[in-house]
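Some notes on the structure that comes next.
The values are calculated or read from the model by the stated rules, or taken from the named source; none is laboratory data. As the structure is a computational prediction, the values presented were derived from the model and not from experiment. Glycine gets a Cβ as well: all are built from the backbone with ideal geometry, and neighbour counts include every protein chain shown. Side chains included, ligands, DNA and RNA excluded: accessible areas come from the protein's heavy atoms. Shrake-Rupley method; radii C 1.70, N 1.55, O 1.52, S 1.80 Å.
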Amino acid sequence: MNLKTQYDCLNIDWNRVSEILKEVNMASFEGDVHKRCFENSHTVIFVFDNEKLVGFGRTISDGIYQAAIYDVAVLPEYQGKKIGSLIIEHILNSLPQCNFILYASPGKEPFYEKLNFRKMITGMALFRYPEMMQKKGFTE
């Protein structure tokens, strides 16, 4: 493995971002939607193995005390190789003074718990497609 990281949105294949998110059962938007989301984020990171995009993540934040982590995804064949930890570490280091929230894909909670994230007792969500999100295991 020859990993390299990128911290901006230049020359990213947004259709590939969309494909990876679909592959890991996360978002199902088209590439142009993800392009706008990442470009409007406070912090972004993309991880490549040589030229192959293998993972990424982003944060929206006020830059002062609150941040939300979104779209952390690693190709299945690269999971378990510390790439997700690398992504989260970069995000946390980019905003060291902030509190962070995220919602994990069902079954991925242990990964975040290893990185000191804790389940929220009062976390709430209002999703555009509530039935789908309940079916996917995000809500009760």
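Of note:
- Unique match (being surrounded by fewer than 16 Cβ atoms within 10 Å (Cβ to Cβ) and more than 22 Å from ARG128 (Cβ to Cβ)) among LYS4, LYS22: LYS4
- Selection within the range 94-140 - hydroxyl-bearing (Ser, Thr, Tyr), within 30 Å of ASP8 (Cα to Cα) and in a loop (DSSP other than H, G, I, E, B): TYR103, SER105
- Screening the range 1-80 for strands (runs of 3 or more DSSP E) wholly inside it with 2 or more residues that are touching an Asp or Glu at 6+ places or on another chain (Cβ under 9 Å) returns the ranges 3-6, 43-49, 52-61.
- Residue in the range 25-32 that is within 13 Å of the chain's Cα centre (by Cα) and open to solvent by less than 90 Å² (accessible area, probe 1.4 Å) present: yes
- Within the range 79-136, the set of residues being surrounded by 14 or more Cβ atoms within 10 Å (Cβ to Cβ), aliphatic (A, V, I, L, M) and modelled with pLDDT of 95 or more comprises ILE83, LEU86, ILE87, ILE88, ILE91, LEU92, LEU95.
- Pairs with Cβ under 6 Å, 6+ apart, first in the range 34-57 and within 16 Å of ILE83 (Cβ to Cβ) and open to solvent by 10 Å² or more (accessible area, probe 1.4 Å), second polar (S, T, N, Q) and in a strand (DSSP E or B): none
- Selection within the range 71-125 - of a type in the set (D, E, K, R) and closer than 18 Å to VAL24 by Cα: ASP71, GLU77, LYS81, LYS82, LYS108, GLU109
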